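For reference, the structure discussed in these notes is given below.
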Amino acid sequence: MAKLMLALDVLDENKALKIIEEVNDYIDAVKIGYPLVLACGLDVIKKIKDICDKEVIADFKVADIPSTNEKIAKITLKYADGIIVHGFVGEDSVKAVKDVAKNLNKKVIMVTEMSHPGALKFIQPIAEELAEMAKKLEVDAIVVPSTRPQRLKRLKNIANLPIITPGVGAQGGKIEDILNELGEDDYVIVGRAIYQAEDPKNAAKKFKEQIKNI
Ligand code: NUP
């Protein structure tokens, strides 16, 4: 069975922690990003973990020169269990993060193709090369779009790595369209369709049940 990762892009700490409490039974991991961390600070990761004791991934899409990437990774991975990086900045930039993560026994997840329409112009044309690079660098997982199931399949086949896939729910992706491609090491990311639902607990339960039907 694949896993469910909650994208917790709310801007208020109390709201974030309340949602975690509500959906805790149905999620396997939490992804936080700039919205929550810029609003509340990195400490929020510790508070989330105190409530749910689940893996927290920092979606910072790190994309700088190696020495700056290294600094970002060192601070982030004091708190988070993994960090998302961009690959288009080059192997050396990703490697800098990988070295930090390896020392701390944490995960590095690399973006290949993004899920939004704008990704078609610049990212999609290089996504297959990025998937090859992810394989070569032996990152822990890649980000692939559930808004484009055929691309998800193609990139997963090239990288032969676990995937984490955003786009289900608010961006129009459907779990049933990607179910065949998902394995037990893969994560489906759902954000707004859970945290903006009238009943986040029930929404998370429904996604979890759909994933279970693999
Ligand atoms: O290609 C990507 N698309 C995407 O939506 C890469 C991402 N990391 N994300 C993130 O996944 C996005 O920033 C958000 O945190 C989450 C999707 O949230 P939602 O569309 O389910 O609300």
query = Restricting attention to the stretch 190-205, does a residue exist that is under 19 Å from Q124 (Cβ atoms), of a type in the set (A, V, I, L, M, F, W, C) and within 15 Å of the ligand (Cβ to nearest atom)?
reply = no
query = Within the stretch 90-179, which strands (runs of 3 or more DSSP E) (wholly inside it) include 1 or more residues that are within 14 Å of the ligand (Cβ to nearest atom) and of a type in the set (S, T, N, Q)?
reply = 163-165
query = List the pairs whose first member sits in the stretch 90-117 and is within 15 Å of D64 (Cα to Cα), whose second member is modelled with pLDDT under 95 and buried (at least 23 other Cβ atoms within 10 Å of the Cβ), and whose Cβ atoms are under 7 Å apart, counting only residues at least 6 apart or on separate chains?
reply = none
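Restricting the search to the stretch 139-153, which residues are touching a residue at least 24 places away in the same chain (Cβ under 8 Å) and not hydrophobic (A, V, I, L, M, F, W, C)?
Applying the first criterion (touching a residue at least 24 places away in the same chain (Cβ under 8 Å)) to the stretch 139-153 yields 139-149, 151-153.
Within the stretch 139-153, D140, P145, S146, T147, R148, P149, R151, K153 meet the criteria.
The values are calculated or read from the model by the stated rules, or taken from the named source; none is laboratory data. Values in this document were obtained by computation on a predicted structure and should not be read as measured data. Cβ: placed from backbone, ideal geometry, glycine included. Neighbour counts: every protein chain shown.
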